[in-house]
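The values are calculated or read from the model by the stated rules, or taken from the named source; none is laboratory data. Quick caveat: nothing in here was measured; it's all calculated off a predicted structure. Neighbour counts run over all protein chains shown; Cβ positions are idealised from the backbone, glycine included. For accessibility, only protein heavy atoms count, side chains too; no ligands or nucleic acids. Shrake-Rupley method; radii C 1.70, N 1.55, O 1.52, S 1.80 Å.
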Amino acid sequence: MSANTQNQNKSVSLSITASPFPVEINNAKDFGIIGKISLEFHTSKALSFQGSFYASNTTFFKNNSNNQINSLGFIPSVQYYFYNRQKFNVFGQLGYGFGFEDRTLYSGKIENSALTIFAVGAGANYRLNNKLYFQLHLPYFRAYNITTDYESASGLAVFFGFNFIIK
């Protein structure tokens, strides 16, 4: 029975998660969100490869700076499951990817630029039913703007959402 709920070789899952995104721009505090959709392919019970598409907006909830930053990107990663049981599993993750950033300036002009993104962290899945898990993911990430040569964002994020077993 537990074979259907534990991570297995050749299983595929889809996760949809989000993280609050507090940002300070020019001494003004904005509050946005980062959303992520990930497809994960298990090569064994302990190892998987994941591709994550993300989108972020710095002013989704609160815009005090009158300066909005949106970004889109893709982060491939490898995940190792340290603890894998019927009801609960814990994993570590390492990823590196690319993205694009659109910054709306005070003048209304939009500045586009390219990002590199590094992420390392841990997470857990708690089984709600045979194919649905609640997911908590805590990555440290660093987004570096390679067009204008500055750190766009960095720090610990708290993603939570759901993980669906497809196959």
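For the reader, a short list of remarks on this structure follows.
- In order along region 37-44, the phi-based Karplus estimate (6.51 cos²θ - 1.76 cosθ + 1.60, θ = phi - 60°) of 3J(HN,Hα) comes to 10, 10, 10, 10, 10, 8, 8, 7 Hz; Gly and Pro are listed as x.
- Partners for Lys45 among lysines (Cα-Cα distance below 24 Å; same-chain residues under 8 apart left out): Lys10, Lys36, Lys87, Lys131, Lys167
- Rough spin-label spacing in nm, given labels placed 7 Å along Cα→Cβ, for Phe162 and Ile16: 0.7 nm
- Long-range HN-HN contacts of Ser152 with modeled amide H, under 5 Å: Ala143, Tyr144, Asn145
- Whole-number percent relative contact order across region 37-113, with pairs defined as alpha carbons under 8 Å at least 6 apart: 25 percent
- Computed from point charges on the beta carbon alone (+1 for Lys and Arg, -1 for Asp and Glu), the dipole magnitude for region 56-148 about its Cα centre is near 440 Debye.
- Size of charge dipole - the chain - debye, nearest 20, with Cβ of Lys, Arg +1 and Asp, Glu -1, no other charges: 840 debye
- Treating r as the C-beta distance of Gln86 and Tyr144 and R0 as 30 Å, the FRET efficiency rounds to 0.15.
- Efficiency of FRET from Cβ geometry, Asn26 and Ala46, R₀ 45 Å, rounded to 0.05: 0.50
- The chain: Cα Rg divided by the 2.2 N^0.38 Å rule of thumb: 1.12
- In sequence order, calculated HN-Hα J values of region 48-63 (Karplus, 6.51, -1.76, 1.60; Hz; x Gly/Pro): 8, 10, 10, x, 10, 9, 10, 9, 9, 9, 7, 10, 4, 9, 8, 10
- With every protein chain in place, the chain: carbon and sulfur % of accessible area (1.4 Å): 65 percent
- Sequence-ordered 3J(HN,Hα) estimates for region 149-164 from the Karplus curve with 6.51, -1.76 and 1.60 and θ = phi - 60° stand at 6, 8, 7, 7, 7, 7, x, 8, 10, 10, 9, 9, x, 10, 10, 10 Hz, glycine and proline given as x.
- Accessible area per residue in Å² at 1.4 Å probe, computed on the chain: 54 Å²
- Long-range HN-HN contacts of Lys45 with modeled amide H, under 5 Å: Asn9
- For region 82-148, the calculated P(r), taken from all Cα-Cα distances in 5 Å bins from zero up to the bin holding the longest distance, is 4, 15, 16, 14, 12, 11, 10, 8, 6, 3, 1 percent.
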